[in-house]
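Some notes on the structure that comes next.
The values are calculated or read from the model by the stated rules, or taken from the named source; none is laboratory data. Remember, it's a predicted structure, so these values are computed and weren't measured experimentally. All Cβ positions, even for glycine, are placed from backbone atoms using ideal geometry, and neighbour counts span all protein chains on display.
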Amino acid sequence: MKIAIASGKGGTGKTTLSTNLASFLAETHKVVLTDLDVEEPNSGLFLKSELVYSEDKFKMIPEWNKTDCTLCGNCQDVCNYHAVIKIVDMIMVFPELCHSCFACSELCPTNSLPMIENKMGELKHFKTDSFDFVESRLTIGEEQAVPLIKQTLKFIDSKFNDDFIKIYDAPPGTSCPVIEATKDADFVILITEPTPFGLNDVILAIETMQELKKDFGVVINRYGLGNADIEKYCKENNIPVLAKIPNKRKIAELYSKGELLWDKIPEVKTELEKIVLFLKSNSLLK
Amino acid sequence: MKEIVVISGKGGTGKTSITASLAVLGGRDVVVADCDVDAADMHILLQPEIAKSEDFFSGELAVIDQDICTQCGKCFDVCRFDAIDVNDGIHIVNELSCEGCGYCARVCPVDAITNIPLNVGKWHISNTRLNQPFVHAKLGIGADNSGKLVAHVKNIAKEIAEEYERPYVLVDGSPGVGCPVVSSLSGAHFVVLVTEPTVSGLHDLKRVYELVNKFHIKAGCIINKSDLNLEKTNEIIEFLKQENIIHLANLPYNESFTKAMTDCKTIVEVDDNIIKETLEDIWKEIKQIIK
């Protein structure tokens, strides 16, 4: 079972819900939590865990080998990203623009652009007392999150079998990194807050999930703040509201220190139980 | 003309609320640009009237003409993005996975594949309710190339500022450290970092500052919700000192930000409160710094 936790707007509680739900579910199930917000991975800040494995992650980029190069310029012509250019008697490669499509390399008549590994980030596997946790972190200056997300998901699928509940902490927004992080999920939980920004952005996230034909539900965080427009919107559009996490300064304070909530704040535990009940009644959980 | 970019690394720190407040304080001096094209929210507070809208094309999408295709599978073999689906022997492009590299079209032996320009969103030039030029955009669902749309929004805002002699372009940047943020930062004269005293706020601030540092842009920081965790606030202040980042101000945890937002207003328009005064001081200080 794969559950992705996403949101249109950042800062609505994705990481809070991911870490708390993972920890809560781990009382009764085998769980692996994966932080796919590779640009700003935060889940690990809330977990006491021990590192068990780490590896560098690479993307493939072309490297110019001038020995046999005839400077025909084919590489520049076939690169749609302007990542390979010919200047006078040189071929220059711009790694941050390269999408690793291999066209320049494989279509080079003299094999002068072999593909080499270029580090784009790190993957780390941790163990907490009760569940596994995997995080990937994009190197600063690398612009593309998608290749790292892809490789992280491959790692999860090779390391953890279907007995595990796989929880993905997705990146914010609605663009390509979010699609990559949610497209394999069996169910997506969209977390939002009851403010005009929250409403605007959750509608974008809902439209994205509908476009992807995903099953999804909404969790309202900081419930009691703002207004009731989100509840109204979900009701009118038949979108299930799975839980409402109350707006409490105490929660914000615990969060600020990097602490989990469900074992300290009974209302949070009650709301997590509602989510689990929903997942069970929809056969998403045993 | 000077360009001020507001970013935060982490979402939900109050970046957009603060940027919109600075926009109100800047009045006729500023052209406003919302470069958080993925989840743009500034229009909610500035209630713009759209004067001009245009589609934005960037990148390409492969399309297979089934009348010509011989289903040889060469496209499937070369695609590194798993973007060619095979259903009952028929090769189809998966539009969400295709990254428009064009490799498939180049190797297709019967020229059945063409690349069409991709409409990735819309951009607008508007007038805010305060009568300021406002450039904003909406990225299409699942679209790539948000960095290019960000660059476009910024360029249009700069052109307007130059033509109408407005001294400042004020940019609401995007979250994270990837391509949209890189585009938001390029060419900026001053960066305002909005953070909060939480473990994740500080963590994300450090990462995004590493990026700012690569661009050698002068930066100032606002610690929002500063009384939520005084220990973390002090830790942030320590970090700012270490890195020579100007500590612009602390703003207390205050739900009037949200109350203002539900009325579609910025906090500086609500009433005479301490936050309003602090934001006025911040705006003055920023102007002084980039003079």
Inside region B:196-291, counting only helices (runs of 4 or more DSSP H) that do not spill past its ends, which hold 2 or more residues that are under 30 Å from A:Lys48 (Cβ atoms) and in the same structural domain as B:Asp41 (by TED's automatic domain parsing)?
-> B:199-214, B:230-243
Only one of A:Ser136, A:Ser100, A:Ser105 is touching a strand residue (DSSP E or B) at 6+ places or on another chain (Cβ under 8 Å), modelled with pLDDT of 95 or more and assigned by TED's automatic domain parsing to the domain that holds A:Leu21, namely A:Ser136
Residue ID - surrounded by the fewest Cβ atoms within 10 Å (Cβ to Cβ), chosen from residues in region B:83-141 that are within 11 Å of chain A (Cβ to nearest Cβ) and polar (S, T, N, Q) | B:Asn94
Inspect region B:166-181 for any residue being assigned by TED's automatic domain parsing to the domain that holds B:Ile237, surrounded by fewer than 20 Cβ atoms within 10 Å (Cβ to Cβ), polar (S, T, N, Q) and touching a helix residue (DSSP H, G or I) at 6+ places or on another chain (Cβ under 9 Å) and give the result as yes or no.
-> no
Does any residue of region B:219-230 turn out to be surrounded by fewer than 21 Cβ atoms within 10 Å (Cβ to Cβ), aliphatic (A, V, I, L, M) and under 24 Å from B:Pro167 (Cβ atoms)?
-> no
Out of A:Lys244, A:Lys286, A:Lys214, A:Lys269, sole residue that is touching a helix residue (DSSP H, G or I) at 6+ places or on another chain (Cβ under 8 Å) and not assigned by TED's automatic domain parsing to the domain that holds A:Lys48 | A:Lys286
Mind listing whichever residues of region B:185-215 are at pLDDT below 95 and more than 12 Å from chain A (Cβ to nearest Cβ)?
-> B:Gly187
State which residue is farthest from the other protein chains (Cβ to nearest Cβ) when the search covers only region A:183-225 and only residues that are at negative phi and small (Gly, Ala, Ser).
-> A:Gly217
Applying the selection to region B:38-67, what residues are aliphatic (A, V, I, L, M), surrounded by 12 or more Cβ atoms within 10 Å (Cβ to Cβ) and more than 13 Å from chain A (Cβ to nearest Cβ)?
-> B:Ile50, B:Val63, B:Ile64
Mind counting the residues in region A:30-73 that are closer than 19 Å to A:Lys124 by Cα and either within 12 Å of chain B (Cβ to nearest Cβ) or loosely packed, with under 14 Cβ neighbours inside 10 Å (or both)?
-> 21
Members of region B:127-150 that are of a type in the set (S, T, N, Q) and in a helix (DSSP H, G or I) = B:Ser146
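Could you count how many residues in region B:22-37 are in contact with a strand residue (DSSP E or B) (Cβ under 8 Å, 6 or more places away or on another chain) and over 14 Å from B:His152 (Cα atoms)?
Looking only at that region, the number is 6.
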Tell me, please, whether a residue that is more than 17 Å from A:Leu272 (Cα to Cα) and surrounded by 17 or more Cβ atoms within 10 Å (Cβ to Cβ) can be found in region A:215-224.
-> no
Is it true that B:Val192 is in a strand (DSSP E or B), closer than 11 Å to B:Glu3 by Cβ and in contact (Cβ under 8 Å) with a residue 60 or more places away in the chain?
-> no
For A:Ser112, work out the one condition from (1) within 12 Å of chain B (Cβ to nearest Cβ); (2) closer than 26 Å to B:Cys75 by Cβ it doesn't fulfil.
-> (1)
Mind checking which strands (runs of 3 or more DSSP E) fall wholly inside region A:1-106 and carry at least 1 residues that are of a type in the set (A, V, I, L, M) and within 16 Å of the chain's Cα centre (by Cα)?
-> A:2-6, A:31-35
Region B:5-90: helices (runs of 4 or more DSSP H) wholly inside it with 3 or more residues that are modelled with pLDDT of 95 or more and more than 14 Å from B:Asp172 (Cβ to Cβ) are B:74-78
Which one is farthest from the other protein chains (Cβ to nearest Cβ), of the residues in region B:142-162 that are over 26 Å from A:Glu211 (Cα atoms) and small (Gly, Ala, Ser)?
-> B:Ala161
Can you confirm whether region A:158-170 contains a residue that is more than 9 Å from chain B (Cβ to nearest Cβ), surrounded by 15 or more Cβ atoms within 10 Å (Cβ to Cβ) and within 26 Å of B:Phe76 (Cβ to Cβ)?
-> no
Number of the condition not met by B:Gly102 [criteria: (1) out of contact with any Gly (no Cβ under 6 Å at 6 or more places or on another chain); (2) of a type outside the set (D, E, K, R); (3) at negative phi] | (3)
